[in-house]
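Please treat every number below as a calculation from the coordinates, not as lab data. Keep in mind the model is a prediction, meaning the values are calculated, not measured. All Cβ positions, glycine included, derive from the backbone under ideal geometry; neighbour counts span all protein chains shown.
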Amino acid sequence: MKTVSAQKKINWLQKKSSETRRLILQTVHHAGAGHIGGPLSVTDLLIALYFDVMNIKPDEPLWAERDRFVLSKGHSAIALYTVLALRGYFPVEELKTFDDIDSRLQAHPDMKLLPGLDMSTGSLGQGISAAVGMALGAKLKQQTFSTYCIIGDGESQEGQVWEAADVAAKYELDNLVVIMDYNKLQQFGWKGTEGREREIPIFSPEDRWAAFGWNVLAIDGHDVEQIIEACQQAKRVHGKPTVVIAHTVKGKGVSFMENNYTWHAKVPNAEELKAALEELDMGV
Amino acid sequence: MQLQLDKKVAMRDAFGETLLQFTKDDPRVYAVDGDLATSTRLDKVAEGNPAKFLQMGIAEQNMLGVASGLATVGLQPWVCTFAAFIVKRSLDQIAVTIAQPKLDVKMIGAYSGLLTGCTGKTHQGLEDIAIMRSLANMVVLAPADAVEVKKVMEFARDYHGPVYIRLARDPLPTLFAEETHTFTPGKGVKLIEGQDVTIISTGTQTGRAVQAANLLRAAGIQAGVLHLPSIKPIDVEAIVEAAERTGAVVATEEHSIYGGLGSAVAEVLVEHKPVPMTRVGVRDLNSESGPNDALLKKYQIAVEDIVRGAKEVLQRKEKENV
């Protein structure tokens, strides 16, 4: 039985997610460039991490004991920037500089430019290795912070992801939580079109990660309560890293963007933006 | 300069011993292996200070990524595998997660060049200088003997940022005295003074350059030798000074002629002091396995090839002066 205050918190986080989605759509429309589908699918995961799960100090972004976060699927950068801005790392107003020249908000995250970014990413499959290094480093230095890393399902076609999975299990990195944004869609379609289903990659992430010796959890990646609970569960596991398979919907929140691969990196025009924002308003 | 031919020491031995000492002296320093420790001598750390040895298995992409993560929490990983693998199998990882964010990761390309113990073209490292030199923020170093290996490593340990160090497998004649030799990034080392032609060399090729200069001297040609252990940053002043003084330059390296030391020297000369120049390195060829002497001869980077290069460039200089 959920307490009133717990339910209030969930409602508040959901509102934050909705606000994030609005800002993502407005920012990409304003920039005239950027990704849409992935950022909308990963939003609730980021909100849960930054507004509840992670131990961080936005006014002290390099605090040595902070929990680390790596967005391995770096092309969802605009979602991360929006959440960081809402969490107080930098002014929300600065989102308007996204993708512009001299901006700290690069198309893909640049850790040298923006406070709060723990790793530069963009080329797929790489962030998870850096996260493994952070978690391993914490063990070596006997620090108690946790490391969180969001990977994509498409990204997991990179062999490096599984090299990293191997090493993380070998070093028993129970301070590492990898969350897979399992939106089942990528740039040029994943579901296949009529008669072309054989092109779908054979993929069962739960079995794969389990075979690599990880603690595997599967959740609804748009349910902030489930996301928070999974991260809490991960903390109770000893001797192995945790992967959370977060089932998500690419383009979540806007009906005409949901499950439509053409919205991977398409810029909404004024009309589409208006329709999308109206839907988001109705949703909350 | 006379080489101490009787005192041959392998760079990899100096590397393993020095790194072991670093791991004992400096809490930040860790050795990171891609399962080649017995070849690269990283096994010295595995045996002498096992708590500071991290085994990443045969998976270079992840190995370099893990190193970047270790660096972000204040550790200093020294990643070592063969030059061919560290540079080519994990190039994008180095570019995105190490070079661009300028993280404090040391990358050691053991088994560079042609002489990799009869392992052939897959294990030889002939493109590492060219590739690493093109990455933003990367420091690229190629010491010439075991003494200089230690000096270069001391610099790398004290410098905060990505450094690539090129090493070699087999014992090499000693050039420098441990008590007096120093290393400064971006500074060359004048080994022999000469008025007729300057041989500019790096890494393992410097010993051969000295031998070539000695042969040339016997033939009445005063050849200078300028050793450049620091390829990036490079000693522009010393290169220009050599060109002004001798008016002819041979750049030589145990590396491809494309993009390596020869290219770096040519870039400096073209911009500051064009003089007749030639490159003595491996041409546009796939190499093979074979004994050291045979490889140096067939791929035209032996002492005699440097001598021939010097004579050729001298002829061009004289023709221009007529």
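Details
- Dipole magnitude (debye, nearest 20) for the range B:4-174, charges at Cβ of Lys, Arg, Asp, Glu: 160 debye
- DSSP bridge orientation in the range B:189-321 - percent antiparallel, rounded to nearest 5: 20 percent
- Distance between the range A:124-142 and the range B:267-322 - C-alpha centres, whole angstrom: 45 Å
- Kirkwood-Stokes translational diffusion coefficient of the protein assembly as shown, alpha-carbon pairs, 4 °C, 1.567 mPa s, µm²/s: 49 µm²/s
- Environment charge at A:Gly37 (Cβ cut-off 10 Å; Lys +1, Arg +1, Asp -1, Glu -1): +2
- Normalised by 2.2 N^0.38 Å, where N counts its residues, the alpha-carbon radius of gyration of chain B equals 0.96.
- Dipole of the protein assembly as shown computed with +1 at Lys/Arg Cβ and -1 at Asp/Glu Cβ about the Cα centre; of A:Tyr148, A:Val83, B:Ser263, farthest Cα towards the positive end is B:Ser263.
- Near A:Thr147, once Lys and Arg are set to +1 and Asp and Glu to -1 for all other residues with Cβ below 9 Å from its Cβ, the sum equals -1.
- Built amide H within the under 5 Å cut-off of B:Gln76, gap 5+: B:Val29, B:Tyr30
- Sequence-distant residues sharing a close amide H with B:Thr252 (under 5 Å, placed H): B:Ile200, B:Ser201, B:Thr202, B:Val280
- Expected 222 nm ellipticity per residue - DSSP helices of 4 or more, -39500 (n - 2.57), all of chain B, to 500: -12000 deg cm²/dmol
- Cα centroid separation, the range B:166-202 to the range A:1-49 (Å): 59 Å
- When DSSP beta bridges are restricted to pairs lying wholly in chain B, around 25% turn out antiparallel.
- Proxy reagent accessibility, fewest Cβ within 10 Å first, across A:His29, A:His75, A:His238, B:His227: A:His238, A:His29, A:His75, B:His227
- Counting DSSP beta bridges with both ends in the range B:4-174, the antiparallel % (nearest 5): 20 percent
- Flagged links, alpha-carbon separation over 22 Å, of A:Lys112/B:Lys187; A:Lys141/B:Lys52; B:Lys7/B:Lys187: A:Lys112/B:Lys187; B:Lys7/B:Lys187
- The length gained by stretching the chain between B:Val322 and B:Glu288 to full extension, at 0.36 nm per residue less their Cα-Cα distance, is 8.0 nm.
- If you sort the three axes of the alpha carbon gyration tensor as a ≥ b ≥ c, you get a/c under 1.5 for the range B:4-174, which makes it rounded.
- Between the beta carbons of B:Glu267 and B:Asp25, assuming R0 = 51 Å, the FRET efficiency works out to 0.85 to the nearest 0.05.
- Point-charge dipole on Cβ atoms (K/R +1, D/E -1) for chain B, about Cα centre, debye to 20: 260 debye
- Per-residue Cβ neighbour rank within 10 angstrom, fewest leading, B:Met138, A:Met282, A:Met257: A:Met282, B:Met138, A:Met257
- Per-residue HN-Hα couplings for the range A:139-148 [Karplus 6.51, -1.76, 1.60; θ = phi - 60°; Hz; x = Gly/Pro]: 5, 5, 8, 6, 9, 9, 5, 9, 10, 10
- Working note: 222 nm ellipticity from helices only, DSSP H runs with n ≥ 4, each -39,500 (n - 2.57), summed and divided by the residues of chain A, gives -12500 deg cm²/dmol to the nearest 500.
- Compactness relative to 2.2 N^0.38 Å, alpha carbon Rg of the range A:1-142: 1.06
- By the count of other C-beta atoms within 10 Å, a proxy for reagent exposure, B:Leu54, A:Leu277 are ordered fewest to most as A:Leu277, B:Leu54.
- For the set A:Lys16/A:Lys240; A:Lys73/A:Lys139; B:Lys106/B:Lys150; B:Lys150/B:Lys190; A:Lys73/A:Lys252; B:Lys8/B:Lys298, the pairs lying more than 21 angstrom apart at their alpha carbons are A:Lys16/A:Lys240; A:Lys73/A:Lys139; B:Lys8/B:Lys298.
- Cα gyration tensor shape for chain A, rounded if a/c is under 1.5, else prolate or oblate: rounded
- Cα gyration tensor category, rounded, prolate or oblate, for the range B:192-286 with a/c compared to 1.5: oblate
- ³J(HN,Hα) computed for each position of the range A:216-227 - Karplus, 6.51 cos²θ - 1.76 cosθ + 1.60, integer Hz, glycine/proline x: 10, 10, 10, 9, 7, x, 10, 9, 4, 4, 5, 5
- Among residues other than B:Leu175 with Cβ under 12 Å from its Cβ, the summed charge is +1 (Lys and Arg +1, Asp and Glu -1).
- Backbone phi angles across the range A:78-91, fed through the Karplus curve with coefficients 6.51, -1.76 and 1.60 (θ = phi - 60°), yield HN-Hα couplings of 4, 5, 5, 4, 4, 5, 4, 5, 5, 7, x, 6, 7, x Hz in residue order; Gly and Pro are listed as x.
- Lys, Arg +1 and Asp, Glu -1 on Cβ, resulting dipole of the protein assembly as shown about Cα centre, debye, nearest 20: 460 debye
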